[in-house]
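Before any comments, here is the structure.
Every number in this text was worked out from the coordinates using simple rules, so none of it is lab data. Please read these numbers as outputs of a predicted model, since none were measured by experiment. Here the Cβ positions follow ideal geometry from the backbone for every residue, glycine too, while neighbour counts run over all protein chains shown.
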Amino acid sequence: MEAHCATPLLTDRELEVLCHVATGLNMKEIGQALCISPKTAQKHVDHMKMKLRARNKAALVACALADGTIKRDGSGRFLVGTSSDEASGLEVTRTRFAVAA
């Protein structure tokens, strides 16, 4: 089954989780980054897979990149796109457990 790339169906929180999934974080790391439990992070992924009819996390990321929902900048960060060409400001990097000062 192929993903249908209907990423506008995703909630803001699902998009946050998706950006973290795109960077390669596991559910525990995503949970820590977003102050949610790993089970909640997994539930968001499961809901996205169901909404987009994607088999796995790789298909979710590929779909979101293909339709411009998330974008990768030159420094390896993933940004959530908006209806315009700009990004909404959500930036996720591969740095683990970084805490804002």
### Summary
Sorted largest first, the Cα spans of region 9-92 on the principal axes come out in Å as 33, 26, 19
### Query
Which length gain, in nm to one decimal place, applies between H47 and T11 when the Cα-Cα distance is subtracted from 0.36 nm times their residue separation?
12.0 nm
### Task
Compare the peptides 52-59, 19-26, 72-79 by average per-residue count of other Cβ atoms within 10 angstrom and give them in order, highest first.
19-26, 52-59, 72-79
### Task
Would you work out which of C19, Q42, A64 lies farthest towards the positive end of the dipole of region 9-92? Charges go on Cβ: Lys and Arg +1, Asp and Glu -1.
Q42
### Task
Name all residues of region 9-23 having a backbone nitrogen under 15 Å from the label point set 7 Å from the Cα of K57 along its Cα→Cβ direction, giving them as ranges.
14-23
### Size of charge dipole - region 9-92 - debye, nearest 20, with Cβ of Lys, Arg +1 and Asp, Glu -1, no other charges
500 debye
